[in-house]
There are 2 protein chains.
Amino acid sequence: MTDQSPPPLPEFDLLGFTPYRLAVAAKRTSEALAKQYRSRFGISIPEWRVLVHLAYAGNVSVRDIEARVAMEKYEVSRAAKRLEEAGLIEKRAHQTDRRLVDLALTAKGRLMMAELLPIARAHQEALEARLGDAFEQLETGLEKLLEDIEPFSTEKQAPRG
Amino acid sequence: MTDQSPPPLPEFDLLGFTPYRLAVAAKRTSEALAKQYRSRFGISIPEWRVLVHLAYAGNVSVRDIEARVAMEKYEVSRAAKRLEEAGLIEKRAHQTDRRLVDLALTAKGRLMMAELLPIARAHQEALEARLGDAFEQLETGLEKLLEDIEPFSTEKQAPRG
DNA sequence: GCGATTTCATTGCATCCGCTATGAAATCTT
DNA sequence: AAGATTTCATAGCGGATGCAATGAAATCGC
């Protein structure tokens, strides 16, 4: 006789699945802020990441940003293109290595960041306040989770000043 | 005299910014698995989420899945469309409410899930093992972070068995 | 020093995504 | 019980994303 009843599937709890939980948490924590970035300043998350990096790293190439921030090269490239079109950053050819493109904030970009950064900071503080003690725990977990991906600049850090 | 030096920007550490860290963590933990889903089974993350839900929730509508899993209605709808085209799920009109679409795994879908679920489970276990004690901490943090979004079924739970 | 290889950045293409509008069916209102 | 409102699912459209291919410049190997 052929078996009519389907074979039982192994139990699996999606809501307890760590990759899922992290994805939801990431979306949840960035949603409100990303909406502000977009509606008030017209920038996306990849663009925001590039801007933040430029805000405290001076002139850097696409490659540098890719290495530091968890972004693919083409993401950086496209973000940079849009930011340049918006007049927020400038691209300049590198002095000695003409393959590299040096990125830097324009005055307009700096002004915008001067407005944006405190908002992000406040967001972070609100988040920490809401989590209370749980924030430390979250951090411990994230630290461990990211530990062998975080120390980006293992081989490429020399060229940077 | 005009001020030539740019105004100093407030300090901001992107690498310590929780939304950023969560995004990286989410990407990192799902990357390897998602690649397998895609290359070996041809399914995306939204599709995977729908499948998992169907695997242990029997017949459900798009609306049900939207309520349980953190997905928008149109994401579920499109995932369902692709899954139907792939022969992994079946859509049927609901008995009494013809607006609803009941989704259910096909035999083919069940077979695939029987293969997929143990892989996901092993992935979770490997992750927990790698994190060690830090896993509990991560969980505590995530729990708190998600707490007021997690209890989905507040109003719509009655219809489900 | 010159061709082969590698590195850096961008782009083409196909797909995917988010938002909004649409259509269909049920429920509410009077 | 008929019209207005709400709920459910999908489709259209513009833009974003991922991947692989391309182009340009530097470095390597002989």
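Within region B:67-75, does at least one residue satisfy the condition of being more than 15 Å from DNA strand D (Cβ to nearest atom) and touching a residue at least 12 places away in the same chain (Cβ under 8 Å)?
For region B:67-75, residues more than 15 Å from DNA strand D (Cβ to nearest atom) and touching a residue at least 12 places away in the same chain (Cβ under 8 Å): present.
Evaluate region A:15-30: report whether one residue or more is outside any loop (DSSP other than H, G, I, E, B) and either acidic (Asp, Glu) or at pLDDT below 85 (or both).
no
Considering every residue within region B:32-50, establish whether at least one is within 16 Å of DNA strand C (Cβ to nearest atom), of a type in the set (Ser, Thr, Tyr) and in contact with a helix residue (DSSP H, G or I) (Cβ under 9 Å, 6 or more places away or on another chain).
There is at least one residue in region B:32-50 that is within 16 Å of DNA strand C (Cβ to nearest atom), of a type in the set (Ser, Thr, Tyr) and in contact with a helix residue (DSSP H, G or I) (Cβ under 9 Å, 6 or more places away or on another chain).
Against the conditions (1) more than 14 Å from every other protein chain (Cβ to nearest Cβ); (2) in a helix (DSSP H, G or I); (3) near DNA strand C (Cβ under 8 Å from one of its atoms); (4) not polar (S, T, N, Q), where does A:Glu66 fall short? Just the number, please.
Exception for A:Glu66: condition (1).
A quick yes/no check of all residues on (1) over 18 Å from the mean Cα position of the chain (by Cα); (2) touching a residue at least 40 places away in the same chain (Cβ under 8 Å); (3) within 27 Å of A:Pro7 (Cβ to Cβ):
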{"site": "B:Arg40", "(1), (2), (3)": "yes, no, yes"}
{"site": "B:Ile45", "(1), (2), (3)": "no, no, yes"}
{"site": "B:Val50", "(1), (2), (3)": "no, yes, yes"}
{"site": "B:Ala80", "(1), (2), (3)": "no, no, yes"}
{"site": "B:Ala86", "(1), (2), (3)": "yes, yes, yes"}
{"site": "B:Ala114", "(1), (2), (3)": "yes, no, yes"}
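In region B:70-106, which residue that is more than 13 Å from DNA strand C (Cβ to nearest atom) and within 21 Å of A:Phe17 (Cβ to Cβ) is surrounded by the most Cβ atoms within 10 Å (Cβ to Cβ)?
B:Leu103
Might you check whether a residue that is within 13 Å of DNA strand D (Cβ to nearest atom) and charged (D, E, K, R) occurs anywhere in region B:33-45?
Yes, some residue in region B:33-45 is within 13 Å of DNA strand D (Cβ to nearest atom) and charged (D, E, K, R).
Go through region A:83-121 residue by residue and tally those that are more than 14 Å from chain B (Cβ to nearest Cβ), assigned to a strand (DSSP E or B) and closer than 17 Å to A:Lys73 by Cβ. Spell out the reasoning first.
We begin by selecting, within region A:83-121, every residue more than 14 Å from chain B (Cβ to nearest Cβ); these are A:83-87, A:91-103.
Applying the additional criterion that residues be assigned to a strand (DSSP E or B) yields A:91-93, A:101-103.
Keeping just the survivors that are closer than 17 Å to A:Lys73 by Cβ gives A:91, A:101-103.
Of the residues in region A:83-121, 4 are more than 14 Å from chain B (Cβ to nearest Cβ), assigned to a strand (DSSP E or B) and closer than 17 Å to A:Lys73 by Cβ.
When only residues in region B:94-138 that are of a type in the set (Asp, Glu) and within 16 Å of DNA strand D (Cβ to nearest atom) count, which is nearest to B:Ala57 (Cα to Cα)?
Per the stated criteria, the residue is B:Asp102.
Kindly indicate whether B:Ser61 is touching a residue at least 24 places away in the same chain (Cβ under 8 Å), more than 11 Å from every other protein chain (Cβ to nearest Cβ) and within 9 Å of DNA strand D (Cβ to nearest atom). Walk me through it before giving the result.
Details: touching a residue at least 24 places away in the same chain (Cβ under 8 Å): yes; more than 11 Å from every other protein chain (Cβ to nearest Cβ): yes; within 9 Å of DNA strand D (Cβ to nearest atom): yes.
So B:Ser61 fits the description; yes.
Within region A:3-16, identify whether any single residue is more than 11 Å from DNA strand C (Cβ to nearest atom), under 24 Å from A:Ala114 (Cβ atoms) and either at the interface with chain B (Cβ under 10 Å from one of its Cβ atoms) or of a type outside the set (S, T, N, Q) (or both), and answer yes or no.
no
The values are calculated or read from the model by the stated rules, or taken from the named source; none is laboratory data. Since this is a predicted model, take the numbers as computed values, not measurements. Ideal geometry is used to build each Cβ from the backbone, glycine not excepted, and the neighbour counts take in all protein chains shown.
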